[in-house]
Amino acid sequence: MPPRSKTPFSRLLRRAFYAFVATGLLSFATLGVYSWDREKTDTRENLSIFSGFLASATQAYFDDLGHGLDPLGQLLQNIDVTNNPEAARPYLLKFQARYPQIRAMAVFNTDGRMLINTASKPGTPLPDFRRTPKYLEPFKAALEDSALYTVGQPEYGQVIHEWRFPFRYTMRDDQGQALFLIQAAIPLETGMYFMRNPSLPPGSIVGLLREDGFQQARWPIDDPNKVYLKRLNGPLIKKIQANPSQQTGYFSGYSPLMFTEQERLGTYNHLATLPMYAYVSVPYNYIWYKWWKQNSPVLGIFLLFIAVFGSIAFWVRIHERLHSEELLHQARSDPLTALPNRTGIEELLENQIDASKHSGRTFSIMYFDLDRFKDINDSLGHGIGDQLLIEVGKRAKGVLRRDDILARLGGDEFLIILPDSTMNAGTNSAQRIIDAFEAPFILAQQRLKMSCSIGIAGYPDHGLDRETLLKHADTAMYEAKRLGGSGFSCYEAGLGKRLQQRLSLQSRMHDALVNQQFQLHYQPIVDLRSGRIIAVEALLRWREANGVSHSPAEFIPIAEESGLILPLGEWVLKTACAQAKEWLDLGFELCISVNLSTRQFQDLDLTEKVTTVLNDCALPPACLELEITESAAMLDAETTVAVLGVLKRIGVRIAIDDFGTGYSSLSHLKRIPADTIKIDKSFVDGVSEESDDRAIVHTILALAHALDKHTVAEGIETEAQKQALEDAGCDWGQGYLFSRPVPADEFLALLETMYHAPQKIENMK
């Protein structure tokens, strides 16, 4: 038999292969260079944010300690500490207990003689450093310094026997003459607790560098003698010396005082009032690791494709020809996205079922649609909505396998067939699609943060025919929506019944709104220092006529999904403002806080509705505070800033709820004109213990104070939590420790007892 001549398709396939290899290599090289620059830029920006936070936290940390030593100095002067040192021990120990990061407190005479040290028992001889120039020179400098406090260079403590740095406060008389000096010893290993950030990359080094080139603190550390006794001579100090007026910047290079001789990349920020720089750096191999992690799958897939292309070329050629002829014959494509339409995908699904029946192989289908797509059409127009659907199709198809089939059923509904796929493989594909939606869509200069809900059904476990498979995948998708969206759900028995129950609950909610079965309960927001009620949050409750109560977590998501949240939210706003006006007329000037759902916040008539309600109730705008979640605020940051700006001009207060649990961009967050930041209960639960929650709360408070915003801690249940938050500088709190949410008449009784609560007197501030 004579050999077959090469067909035009064969020649086209060979040329396509060569073109693919050349284009792929060029694209991969271009992608590699671009992604390397992007990884360096992203790393620098992230490190810059952290070093800025570290500088602010350190400054606040030292300022808090310095201001605390001021009243202590007055107290020690009153008891004549220079002549009666031991009389100061209880006050020093009390101050030390208030600041657990301090290991020892000491008092010195103006000639440098140590009068008392809390780390030594009464009567124990104290070390005398007056003949030690290395100690006496900075001691005298601290006496002569006019600043509120000074921070000394790290040294090995002769009393506490560990590395620490001295924090000094000089007590002066009315003429400015030094009377005595108070010194707090802060261990370098545990005192600077906020430098231990678990979210930093491996190999990170965080520290404080003095302007004279000596390290003030660093974490982690291998040898304190090597780090703290020598001037830093690496790229950081050289960059600072070359640009002494520059408050923040980047540095890179090799440093002999690090763990290894690796090249590093870092950022630094100057503290507001202290001669120090906060810095953080990572090794370059971390950036290489991120780059390789991102690009190696692309390279691996590309090389694998080249390796198997030749062996499967014949099969691909036959398969593609038959598949192309079938699609051309059917002409079943969606005109907007060029994907198969409902008719086309149903025929392909029938073919897949027939093939699986003969081969005995399983496959799965995924039914998904976009969360809150109707809001996009309503707010931005159908043109933007159509562009979004096109981009959704491209993004979803980009994460699927070659043989997977994506189709648009209509509206924002899509269907995917996954041939030769188990349910486990289907869930992996669903997760890839959800991850692909994490990046915002950029359309007409709009940043749209979208998510999708996916239902998965498998053949033959969940159906042997097309109708059953589609129905079960659709049911699973609605279960994913019920669970909050941006996720997937696999079909299982009972989902259909739960869907019917959810529809029934939606109908009863509509009747409840008509029959006024909803009511508001009120929970006080309390000043943590005085115990006085300063605001109140309105919380929605639903109790049916038959006595059955429903949790907001049960009915609010359904109201969001069905659109009932808009009239329900308007009723809440009117009722809360009317109640606030009634209390105002009784002499209680309270700010009432009302939660806005994501869908309410996207309502184009929101500002008009708020203005109308305030005018109808004759309530001053400053008495209303609207709460939006951090996730809702970041959904479309530019629109958020614009809408909140209009509300602020009306005079309404703004609060960011559940802070720290959502999708945040600090560059946008600082532009949001919020008055209050509410710390989520999940962080408050562990604030009274040495935990990650405590560190997070301190960081949030430092950020809020830096942005000049009030803070409210939610979910306070114990006195220990309240005290920890008060000590950390939190302004207000709410939770069961003060009161559960109660009806209006019971809340009035609370007002009569807690609104005029007396200011708490503290022994030491």
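The values are calculated or read from the model by the stated rules, or taken from the named source; none is laboratory data. Please read all numbers here as calculations on a predicted model, not as lab measurements. FYI the Cβ positions are ideal-geometry reconstructions off the backbone, even for glycines, and counts take in every protein chain you see. Quick note on the areas: whole protein, heavy atoms, side chains included, nothing else; ligands and nucleic acids left out. Shrake-Rupley method; radii C 1.70, N 1.55, O 1.52, S 1.80 Å.
In a simple Cβ point-charge model (Lys, Arg +1; Asp, Glu -1; nothing else charged), the range 547-599 has a dipole of about 60 debye relative to its Cα centre. Just the protein heavy atoms count here, and of the accessible area of the chain at 1.4 Å, carbon and sulfur take up 54 percent.
Looking at the chain alone, DSSP beta bridges between its own residues are antiparallel in about 75 percent of cases. With all protein chains kept in place, the per residue accessible area of the range 330-398 amounts to 47 square angstrom at a probe of 1.4 angstrom. Close amide H partners of Q446, meaning residues 5 or more places away or on another chain with modelled amide H under 5 Å apart, do not exist here.
Per-residue 3J(HN,Hα) values for the range 526-538, derived from phi via the Karplus relation 6.51 cos²θ - 1.76 cosθ + 1.60 with θ = phi - 60°, read 10, 5, 5, 8, 9, x, 8, 5, 10, 7, 8, 9, 8 Hz in sequence order (x marks Gly and Pro).
In the chain, the longest principal axis of the Cα atoms and the axis of helix 382-398 are about 90 degrees apart.
Highest mean first, the peptides 461-468, 582-589 sorted by other C-beta atoms within 10 Å per residue fall in the order 461-468, 582-589. As a length-normalised measure over Cα pairs under 8 Å and 6 or more apart, the relative contact order of the range 109-247 settles at 15 percent. Each label point was placed 7 Å from the Cα along the Cα-to-Cβ direction; for A19 and E413 their separation is 3.8 nm. The distance separating the Cα centre of the range 570-597 from that of the range 345-365 comes to 59 Å. Rounded to the nearest 20, the size of the Cβ-charge dipole of the chain about its Cα centre is 2740 debye, with Lys and Arg at +1 and Asp and Glu at -1. Amide H contacts for Q216 (H built 1.01 Å from N in the peptide plane; partners 5 or more residues away or on another chain; cut-off under 5 Å): L208, L209, R210. In the chain, if the dipole is taken from +1 on Lys/Arg beta carbons and -1 on Asp/Glu beta carbons about the Cα centre, which of L596, Y156, I433 is farthest to the positive end? My answer, from the dipole projection, is Y156. Computed over the chain, relative contact order equals 8 percent, with contacts defined as Cα pairs under 8 Å that lie 6+ residues apart.
Under the rule a/c < 1.5 gives rounded, and otherwise a/b versus b/c splits prolate from oblate, where does the chain land using the Cα gyration tensor? It comes out oblate by the Cα gyration axes. Here the gap between A439 and A642, fully extended at 0.36 nm per residue and compared with their Cα-Cα distance, gives a gain of 70.9 nm. Placing R0 at 51 angstrom, the Cβ-Cβ distance between Q241 and A87 gives a FRET efficiency of 0.60 after rounding to 0.05. A cut-off of 5 Å between modelled amide H atoms, ignoring neighbours fewer than 5 places along the same chain, links L179 with M171, R172, D173.
Between D403 and D174, the modelled labels are 9.4 nm apart [label points 7 Å from Cα along Cα→Cβ]. Taken one residue at a time, the phi angles of the range 401-416 give Karplus couplings (6.51, -1.76, 1.60, θ = phi - 60°) of 6, 4, 8, 5, 10, 10, 9, 9, 7, x, x, 10, 9, 10, 10, 10 Hz. Gly and Pro are set to x. For the listed residue pairs K449/K481; K230/K290; K357/K471; K40/K230; K374/K581; K40/K397, the alpha carbons are over 25 angstrom apart in K230/K290; K40/K230; K374/K581; K40/K397. Take each peptide in 449-457, 199-207, 291-299, 214-222, count the other Cβ atoms within 10 Å of every residue, and average; sorted highest first, the result is 449-457, 214-222, 199-207, 291-299. In order along the range 109-120, the Karplus-derived 3J(HN,Hα) couplings, from 6.51 cos²θ - 1.76 cosθ + 1.60 at θ = phi - 60°, round to 6, 5, 8, x, 7, 7, 8, 7, 9, 5, 7, 10 Hz, and Gly and Pro are given as x. Between the helical axis of 89-98 and the longest alpha-carbon principal axis of the chain there is an angle of about 10 degrees.
Descending by average beta-carbon neighbour count within 10 Å, the peptides 262-271, 480-489, 168-177, 408-417 line up as 262-271, 408-417, 480-489, 168-177, the highest first. Rounded to the nearest 10 degrees, the inclination of helix 342-359 to the longest alpha-carbon principal axis of the chain is 80 degrees. Only the Cβ atoms of Lys and Arg (+1) and of Asp and Glu (-1) were treated as charged; on that basis the dipole of the range 24-154 about its Cα centre amounts to roughly 500 debye.
Taking the chain as a whole, the Cys residues whose C-beta sits 4.7 Å or farther from every other Cys C-beta are C452, C490, C591, C623, C730.
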